[in-house]
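Input: a single structure, listed below in structure tokens.
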Amino acid sequence: MGSPTPLDLFAAASAEGAWTVGEVTRRARAVIEAGLPPLWIRGEIAGFKAWRSGHWYFSLRDKSAQLRCVMFAKQNFRLPAPADGMQVFVFARPSMYEEKGEFQLTVTELLSTEQGGLWKLAFEKAKAALTKDGLLDPGRKRRLPLFPNRIAVVTSPDGAALRDIQAVIARRWPIAELIVVPAQVQGAKAESSLCSALNRISRLLVDVVVVARGGGSVEDLWAFNSERVARAVAAMPMPVISAVGHETDVTLCDLVADLRAATPSAAAEAATPDRAEVLAQCGVMGQRLGRALRIASRHVVERLDRSGDRLVRGIEHRLERSGALLTAHSARLDALSPLRVLARGYAVARDEEGRILKRVAQLRSGKEFRLRVTDGEVNGRVQ
Amino acid sequence: MAEFNKQLERLEAIVRRLESEELDLDEALKLFEEGVERLRAAREQLAQAELKVKKVLEIESPR
């Protein structure tokens, strides 16, 4: 653009005495820019349109007039888009869009006059969408692993958050492997950077994920309020701990995560057990192991004792029975004993060879015999 | 080295089995020995560990 020439509205620029279109728009632009410095304007948004390029086009109007506005991508990237009908303040530079011959405002700041501003509105809108899909349902919260083997951290590679997390895990649970997935946590690329980092982790064998960022302004934390990032967090196959911003700023990422930690250090503590406590737990386990073995061996000994008792009892029983039988048998034997018969007054006669003489034919006259009585023997002869 | 949680889970299972079941002395001893070994390994892991940090390079997601 050329330097503004002194204004002479009646001096023709061309030889024919007429101005070219370009000359007029150039002059008009010079006049506007010289006469209207950048300024705050209040009005209502109308005809809002966000182009693929990221630039926003809309009108600002009140009851009687309207102004064409453009807000370029590099100015609006951190802002949630406003909606038609919204009352806003803009800080803008009035100018002339020469190609179209339009009076236009180039907006560099846009604030909502409504409660909490544009951020609040965008936050509530995204939150409502997430709620509708059940992603903020408390029942979705997963339990964190007790003894994580691999912990992934999504954060800025050179921020204090990573240093804090690393220090806490090194102290509490150095058994774990820490997988750092760097991401941009602010700026225009933060949203896709965070999503791609989460997406990478979802394909790794990781027990728990920490998404962390130190404190910052609402604009700085914008990416963590993006619906896209929130949905990426919700889609993670493993539990996610979110520690974004300060305790007072709750982001959508925090709401969707399985656990929200107040600070990156607190997130690292939540993700890990304390080594000292686990060692103590191991001690208890050792005691239980020893006690269990003693109990188990006592069971075995008791069982042995029991079988020994039964054995002894069995033998005793058998012996008792045998004893009784013996007594019975000896009584019967006793009853049958010939000595008992003799005692009753009977006598047995035997010949010299010891044969018992039972019949008269065996006892002819003159036959010698021996007679057995109860207390001894005598010799005799048949008369 | 076995993952720590697996080590501890197995140890828990051993202790519970020893505590709750009537086992042969032989079996009980075998479990006890395994338990002691797992406990030793777990303690060693706890004592010797040093945090390993791995950085995964950032890859821009294609849009």
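All of the numbers you see were taken from the coordinates with simple rules; none came from a lab. Remember, it's a predicted structure, so these values are computed and weren't measured experimentally. Glycine gets a Cβ as well: all are built from the backbone with ideal geometry, and neighbour counts include every protein chain shown.
One table, with the values for the structure above:
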read-out	value
Calculated FRET efficiency for the pair A:Ala331/B:Asp26, C-beta based, R₀ 41 Å, to 0.05	0.20
Global form of region A:56-101, assessed from the alpha-carbon gyration tensor, a/c cut-off 1.5	oblate
Loop GluC sites (Glu not before Pro), region A:74-181 (other Cβ atoms within 10 Å of the site Cβ: 15 or fewer; DSSP)	A:Glu99, A:Glu114
Among A:Trp19, A:Trp173, A:Trp51: highest mean-square fluctuation, GNM of chain A, C-alpha pairs under 10 Å	A:Trp19
Inter-part distance where region A:285-315 and region A:330-370 are each reduced to a Cα centre, Å	67 Å
Cα→Cβ-extended label distance, 7 Å offset, between A:His317 and B:Arg10, nm	4.7 nm
Choice from A:Ser193, A:Ser297, A:Ser226 with maximal GNM fluctuation in chain A (Cα, 10 Å cutoff)	A:Ser297
Shielding by partners, peptide B:43-55 (average Cβ within 10 angstrom, other chains)	6
Shape call, chain A: gyration tensor on alpha carbons, a/c limit 1.5	prolate
Stretchable slack from A:Arg306 to A:Val284, in nm (0.36 nm times residue separation minus alpha-carbon distance)	4.7 nm
For region A:192-208 and region A:106-141, distance of Cα centres in Å	24 Å
Virtual paramagnetic centre 7 Å along Cα→Cβ of B:Ala41, amide N under 15 Å, in region A:282-302	none
Value of [θ]222 nm, deg cm²/dmol, for the protein assembly as shown, DSSP H segments ≥ 4, -39500 (n - 2.57) each, nearest 500	-14000 deg cm²/dmol
Two-site label geometry, A:Ala83 and A:Glu368: point separation in nm, points 7 Å out along Cα→Cβ	15.3 nm
Using alpha-carbon coordinates, inclination of helix B:4-20 to the longest axis of chain B, degrees	20 degrees
Per-residue mean of C-beta atoms belonging to partner chains within 10 Å, peptide A:296-308	3
Rg [Å, one decimal], Dmax [Å, integer] - region A:17-75, C-alpha atoms	14.8, 43
Efficiency of FRET between A:Asp62 and A:Ser217 - r from beta-carbon atoms, R0 25 angstrom, step 0.05	0.25
Span-rule helices in chain A, defined as complete DSSP H runs reaching 30 Å or more along the axis (Cα) with Kyte mean at least -1.0	A:275-336
Extension reserve of the A:Trp51-A:Lys358 stretch, reckoned as 0.36 nm per residue once the Cα distance is removed	95.8 nm
Estimated distance in nm for a label pair at A:Ala18 and A:Lys100, the labels positioned 7 Å out from Cα along Cα-to-Cβ	2.6 nm
